[in-house]
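Chemist: Below are the structure tokens for one structure; questions will follow.
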Amino acid sequence: MKLISKVPAVCASIIEHSVEEFLRSVRQVEEADFIEIRADGLKVNSPREYLPETRRLLNNVRAQSELPVLLTVRNEKEGGVFAGSENERARVLMESMKLVNSIDIELRMQSDIRDEIVKEAKKNRVDTIISYHDFNSTPEIETLLSILEKEESEGATIAKIAVKANSEKDVLVLLNMLQEAKERINIPVIGISLGREGRISRVAAPLLGSIATYGYVNRETAPGQIEVKKLKEIIELMK
């Protein structure tokens, strides 16, 4: 099953501290088209426990939901809470691939590790989102387009950009980028303006070229998210 079968798709992004808390949130998901499991949120006694706990979590998610699953394991530099090494993080992703439909890795991940993960994902026919985050500002359109091109060249099947909006103008930069990406990028694109100023992008971006938008179930996993059910209702009204 592909991660995204209808466009635009609404993702229920979930981050919790235990397998049981994750599953409680999964059971509460309504109206979403796929689920993002932010496994970096798991509280473990040592980084070595991330892999068995992540696999236990994903097996249970598959048993309780028919929705496609995206696995994300963010480190602190990229807005996550994974405390282990890059090799440990890569191991969690690579050894959990058979349990998910897609993985999300960062463009700024150590290149040799990223290349190995992309190669393994292709072998397992798993979609790879390569993502870029800027939690402080929104770069110029040309810079953003260059980032998307780099993600495509590095083997992404979906290219993702999430940048902080400090003004309405920043949101317009993101939306204009999505329009230009239709001509320059040969793979699907996800675009998000982060933060309070960027909240409107959660609705506008998927209507103007982003193939997906992210909402929360019980708690935000990124600044400016809207609750999944509300997000789906608004998008359906605007289509």
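Chemist: Taking the residues in segment 53-63 that are buried (at least 20 other Cβ atoms within 10 Å of the Cβ) and among the hydrophobic types (A, V, I, L, M, F, W, C) as candidates, determine which candidate is farthest from G79 (Cα to Cα).
Modeler: Step by step, filter segment 53-63, then rank; the result is V61.
Chemist: May I pose another question? If we scan segment 31-52, do we find a residue that is part of a strand (DSSP E or B), open to solvent by less than 10 Å² (accessible area, probe 1.4 Å) and without any contact (Cβ under 8 Å) to a residue 60 or more places away in the chain? Can you show your working first?
Modeler: Pass one, segment 31-52, residues part of a strand (DSSP E or B): 34-38.
In the following step, the residues that additionally are open to solvent by less than 10 Å² (accessible area, probe 1.4 Å) were identified as 34-37.
Checking the rest, the ones that are also without any contact (Cβ under 8 Å) to a residue 60 or more places away in the chain come to 35.
The answer is yes; a qualifying residue exists.
Chemist: So which of S167, S137, S201 ends up being loosely packed, with under 14 Cβ neighbours inside 10 Å, in contact (Cβ under 8 Å) with a residue 24 or more places away in the chain, within 25 Å of M238 (Cβ to Cβ) and among the small types (G, A, S)?
Modeler: Numbers: S137 fails: within 25 Å of M238 (Cβ to Cβ); S201 fails: loosely packed, with under 14 Cβ neighbours inside 10 Å.
Answer to the check: S167.
Chemist: Mind checking which pairs have a first residue in segment 175-188 that is farther than 17 Å from T157 by Cβ and a second that is of a type in the set (S, T, Y) and part of a helix (DSSP H, G or I), Cβ under 8 Å, 6 or more apart or different chains?
Modeler: Taking only residues 6 or more apart or on different chains, the pairs are L175/S201.
Chemist: Determine, yes or no, whether A162 is out of contact with any Phe, Trp or Tyr (no Cβ under 7 Å at 6 or more places or on another chain), more than 24 Å from E220 (Cα to Cα), at pLDDT 95 or above and not aromatic (F, W, Y).
Modeler: When the stated conditions are applied, A162 does not pass them.
Chemist: Moving to a separate point now. Could you please let me know if S46 is over 25 Å from A9 (Cβ atoms), among the polar types (S, T, N, Q) and more than 16 Å from the chain's Cα centre (by Cα)?
Modeler: In short, yes.
Chemist: Checking K122 against (1) over 28 Å from Q64 (Cα atoms); (2) in a helix (DSSP H, G or I), only one condition comes out false. Which one?
Modeler: (1)
Chemist: Which of (1) within 16 Å of T221 (Cβ to Cβ); (2) at pLDDT 95 or above; (3) not aliphatic (A, V, I, L, M) is the odd one out, the single condition S96 does not satisfy?
Modeler: So S96 meets the others, but not (1).
Chemist: Open to solvent by less than 70 Å² (accessible area, probe 1.4 Å), of a type in the set (S, T, Y), at pLDDT 95 or above and out of contact with any helix residue (DSSP H, G or I) (no Cβ under 7 Å at 6 or more places or on another chain): does that describe S146?
Modeler: Details: open to solvent by less than 70 Å² (accessible area, probe 1.4 Å): yes; of a type in the set (S, T, Y): yes; at pLDDT 95 or above: yes; out of contact with any helix residue (DSSP H, G or I) (no Cβ under 7 Å at 6 or more places or on another chain): yes.
Yes.
The values are calculated or read from the model by the stated rules, or taken from the named source; none is laboratory data. This structure is a prediction, so every number in the text was calculated from the model and none was measured. We place every Cβ from the backbone using ideal geometry, glycine too, and count neighbours over all the protein chains shown. Please note that ligands, DNA and RNA were not included when accessible areas were found on the heavy atoms of the full protein model with its side chains. Shrake-Rupley method; radii C 1.70, N 1.55, O 1.52, S 1.80 Å.
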